[in-house]
Structures are given as C-alpha cells and as structure tokens.
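Reviewing the structure listed below.
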Amino acid sequence: MINVGVVGASGYTGLELIKMLIIHNGFRLTYLATSSGDIKIEELHPSLEDVISLDVQKADTKDVIERCELVFLALPHKASMGFAKELLEANIKVVDLSADYRLDLDTYEKHYTTHTDKEHLDSSVYGLLEYYREDIKNTNLVASAGCYPTATLLALLPFIPYIDTDAPIFIDAKSGVSGAGKKLSDTTHFVNINDNMFAYNPINHRHAPEIREKIKKIHNKDTSITFVPHLIPASRGELISIYATLKEDIEPLEILRERYKNDMFIRVRETPVNIKATSGTHFCDIFAMKNDKAIFINSAIDNLLRGASSTALACANLMCGYSESEGIPTIAYVP
C-alpha cells in the first residue's frame with residue numbers, strides 16, 4: 001500500500017478524491033489538510049459520517065513528507081506551487097489540481113501570476129491521460145488538466161489534422177455550478193442561477209490559452225480559438241459544443257473510434273451527448289457530425305471527476321504502477 005494525502009480537503013474536488021481513495025486497493029489515505037485544520041473529516045463533510053473518521057490537519061509540508069509518498073494538491077492557483085516545491089525536493093510524488101504547472105511560463109504569467117517554481121514547471125507532465133499516458137508513468141509531478149480543456153481537447157484533438165486551422169474554431173462550453181467551487185458569490189447565488197443560464201468571461205476566459213497551447217504542443221498547429229463558457233442551473237456536469245470548418249471530407253465517428261479504440265474511458269456516441277450520462281463517472285462521451293465543410297463536435301464530462309478528481313487519481317495510478325482504472329468511478333448518477 002502507498003500512503004497518500006489530500007491537501008485542500010474542504011473543497012468539492014477534495015471530497016471527490018477522498019470518496020475514491022477510501023475504496024482504493026493500492027492507496028492508503030493517511031493525511032488530510034486544509035488551511036486551518038483542527039476538525040475531523042466527517043464534520044467537514046457530513047456525508048462521510050460512519051464512512052471514514054480522520055483528523056484534518058493544518059496544511060504543513062513537513063507533515064506531508066513524514067506521512068505520504070504521494071499527495072494530491074486541491075489548492076487554489078498560486079498556493080500550489082509554493083507547497084509543491086518543497087514536496088518535490090523531498091521526492092514526494094505530486095498531483096496538482098490547480099493551474100500552477102499546466103502551462104508554459106510565459107502563458108502562465110500572462111494569465112495568472114508570477115511563477116515561483118520555474119525549475120519544476122519545466123519537468124511537469126500535463127494530465128490529459130489519452131495523450132500523455134506514457135509520460136505520466138515516469139514523472140513525479142502531474143499537472144491535472146482543467147475541466148473545460150479536458151472536455152474540449154478530448155473532443156477536438158482527433159480532428160485537428162482535418163480542420164482548416166486558418167478558420168475560427170468556436171467553442172460553446174456549459175458547466176454546472178460546482179465548477180465555481182464552494183465559495184458563495186453573486187453569480188452562483190441560488191436566486192441568480194436557478195432557472196437561469198448565462199455566458200461569463202467570454203473570449204477572455206483563461207482556459208482558452210490552455211486549449212490553444214496544448215493543440216500547438218500535440219499537433220504543432222496554431223489555432224484561432226473563440227471560447228465562450230456558460231453557467232447552467234445544474235450541480236455538476238459539463239457540455240461542450242465545438243464548431244469548425246473541415247478542409248477535407250471525413251467520417252467523423254470513424255475518426256473518433258480509431259483514435260480512441262484503446263481508451264476505456266472515452267465513449268463514442270451515435271447521437272448528441274448529455275451531461276447526465278457521465279455524471280458521477282470518469283467517462284468522456286463524444287459525438288460528431290458534419291454538414292458539408294462544417295463540423296459539429298459534442299462532448300460531456302463530469303466537471304468534478306473527469307474534469308478534476310478522477311483524472312488526478314488515474315494519473316496517480318499510472319505514476320505508482322497501478323492500473324489506470326483502479327478506484328475510478330464508472331456508474332452514472334441516473335436518474
């Protein structure tokens with residue numbers, strides 16, 4: 001058994017990690033932490049009463065080094081890199097759920113803040129499993145992919161060789177409210193989101209440069225991405241609709257089936273996808289169809305799982321020599 005910890009146990013992604021780790025056959029959950037600590041996990045998350053009882057500590061790198069061989073950092077951007085640096089220097093494996101190690105230095109500092117751990121930034125591996133699986137097996141630092149980029153890239157990347165990348169690519173993205181985290185705001189207040197739907201931070205959302213950068217790295221193509229996220233009145237789930245122009249005739253579903261024929265958590269669908277079918281699972285469902293030179297690509301994931309915590313766990317599995325699927329949820333929350 002490998003001793004693991006979760007720093008940032010109070011948030012939604014921290015809770016999802018705990019739920020998977022307590023039934024994992026290879027990981028032993030030995031450390032939970034928040035910024036304040038001094039509470040039990042079942043008090044912090046009452047849904048865990050009579051499931052697990054574990055003290056939640058005030059986050060401290062020395063405690064992590066003493067108790068863990070691998071740690072998940074479910075922390076805000078900027079907080080993770082300060083924490084990760086000490087752990088990596090102590091040879092602790094790290095899976096970071098923030099954006100701190102996802103991007104090239106210039107891109108990160110343009111859209112987030114000054115980076116304080118440039119040394120480890122260069123050695124991080126992007127946690128998009130279907131494209132970086134072998135690299136993930138041989139690293140001590142995984143930067144788990146963002147939720148919007150995960151759903152977008154898994155849908156879009158197979159088609160980049162067939163798309164006119166000189167033409168605009170439009171990404172219409174919709175996410176449940178849990179994607180905004182637990183902290184209350186005017187935007188996520190019940191009376192604002194109930195029976196409502198709206199775009200936020202259109203075109204300038206900082207997941208857009210993440211999408212562009214990964215397309216460039218994987219396919220060596222510069223793309224014109226117009227990314228528009230929307231908040232929808234649902235607790236969880238993410239739906240992506242992509243519109244692009246083809247430069248040659250293809251059969252879209254055949255392209256998807258061939259690219260993902262060896263990937264157990266990609267489901268190529270015959271009809272447009274929906275968020276309920278993936279809610280509570282690690283699956284990414286993808287559909288595509290064309291209209292002459294226009295292509296419509298449609299994907300759905302659970303934003304808290306495939307978009308964060310279950311991807312982090314699958315990456316940790318590969319880092320530690322376990323099956324990618326160990327402890328990964330596959331049964332959807334239906335109805």
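The values are calculated or read from the model by the stated rules, or taken from the named source; none is laboratory data. Here the structure is a predicted model, which means the values were calculated and not measured. Counting neighbours? That spans all protein chains shown, and the Cβs are built from the backbone with ideal geometry, glycine included.
Before moving on, here are some points about what is shown:
- For the residues Ser98, Ser123, the requirement of being part of a loop (DSSP other than H, G, I, E, B), touching a strand residue (DSSP E or B) at 6+ places or on another chain (Cβ under 7 Å) and at pLDDT 95 or above singles out Ser98.
- Picking from residues in segment 256-304 that are touching a helix residue (DSSP H, G or I) at 6+ places or on another chain (Cβ under 6 Å) and closer than 30 Å to Asn3 by Cα, the one that is surrounded by the most Cβ atoms within 10 Å (Cβ to Cβ) is Ile301.
- Segments classed as strands (runs of 3 or more DSSP E), wholly inside segment 236-335, with at least 2 members that are free of Cβ contacts under 8 Å to residues at least 40 places away in the same chain: 266-268, 284-291
- Some residue of segment 98-107 being of a type in the set (Val, Ile, Thr) and surrounded by fewer than 20 Cβ atoms within 10 Å (Cβ to Cβ): yes
- Of all residues in segment 136-176, those satisfying the criterion of being more than 20 Å from Cys315 (Cα to Cα), part of a helix (DSSP H, G or I) and in contact with a Lys or Arg (Cβ under 7 Å, 6 or more places away or on another chain) are Pro158, Ile160, Tyr162.
- Residues considered: Ser10, Ser47, Ser80. Of these, the only one that is crowded, with 16+ Cβ neighbours inside 10 Å, part of a helix (DSSP H, G or I) and not β-branched (Val, Ile, Thr) is Ser80.
- Verdict on Ile160 being touching a strand residue (DSSP E or B) at 6+ places or on another chain (Cβ under 8 Å), surrounded by fewer than 23 Cβ atoms within 10 Å (Cβ to Cβ) and in contact (Cβ under 8 Å) with a residue 12 or more places away in the chain: no
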